[in-house]
Amino acid sequence: MSSVRKVSATRVIPASAHDIFALLADARAHARFDGSATLQEVRDAPPRLFLGATFSMGMKDKVSYGVKNKVVVFEEDRCIAWHHFAQFVWRYDLEEVEGGTRVTESFDYSKPWGVLIEPLHWPERNRQNMEASLERLERAVTSSSSR
């Protein structure tokens, strides 16, 4: 059994869970709020994600590469999660609170090979990027809902 390895960031966004989830469920919108600056393009994705859906992204972190993801959790307006080939899970949990929606983005790298990314400082870098993503997600959802 592997130990739990997980990093996360949380932000209360002044928007409904429904509006936030709509952006998260649209893989084509992910570049609008990617705080890592590694997401370059959506290569293949359905118009709206669903449980079991796959989507491919063109990425760049010094070198260009592609990644294919599979949606493994999909609870309308509450939670969406996906993983890539290494089965590290990116997840967004939404909870409506006073003033908006508490959004928690997490990166779970509990698979046994997750220990290999720790010396590269990826978990801490991912946590910082998640903070930036949540800030950008807030801007994206509040600018689109104010139209």
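Considering only segment 1-30, how many residues are part of a helix (DSSP H, G or I) and over 15 Å from Met57 (Cα atoms)? Before you say what the answer is, go through the steps one by one.
The initial filter retains those residues of segment 1-30 that are part of a helix (DSSP H, G or I), namely 17-24, 27-30.
Filter once more, so that each one left must be over 15 Å from Met57 (Cα atoms): 17-23.
The qualifying residues number 7.
Which one is nearest to Ala132 (Cα to Cα), of the residues in segment 50-87 that are of a type in the set (Asp, Glu) and free of Cβ contacts under 8 Å to residues at least 60 places away in the same chain? Lay out the reasoning, then the answer.
Restricting attention to segment 50-87, the residues satisfying the condition of being of a type in the set (Asp, Glu) are 61, 75-77.
Okay, now just the ones that are also free of Cβ contacts under 8 Å to residues at least 60 places away in the same chain, so 61, 75-76.
Values: Asp61: 17, Glu75: 24, Glu76: 24 Å.
Top of the filtered list is Asp61.
Can you tell me which condition Arg11 does not meet? The list is (1) surrounded by fewer than 17 Cβ atoms within 10 Å (Cβ to Cβ); (2) under 15 Å from the mean Cα position of the chain (by Cα); (3) of a type in the set (D, E, K, R); (4) farther than 24 Å from Lys111 by Cβ, and all the others hold.
(1)
Can you spot a residue in segment 39-49 that is in contact (Cβ under 8 Å) with a residue 12 or more places away in the chain, surrounded by fewer than 16 Cβ atoms within 10 Å (Cβ to Cβ) and under 14 Å from the mean Cα position of the chain (by Cα)?
The answer is no; no qualifying residue exists.
Ser8 - would you say it is more than 19 Å from Met130 (Cβ to Cβ) and modelled with pLDDT under 95? So that I can check it myself, show each step before the final result.
On the way: more than 19 Å from Met130 (Cβ to Cβ): no; modelled with pLDDT under 95: yes.
For Ser8, the condition - more than 19 Å from Met130 (Cβ to Cβ) and modelled with pLDDT under 95 - is not met.
The values are calculated or read from the model by the stated rules, or taken from the named source; none is laboratory data. Note that the structure is a prediction, hence the values are computed from the model and not measured. Here Cβ is always computed from backbone atoms with ideal geometry, including for glycine, and neighbour counts include all displayed protein chains.
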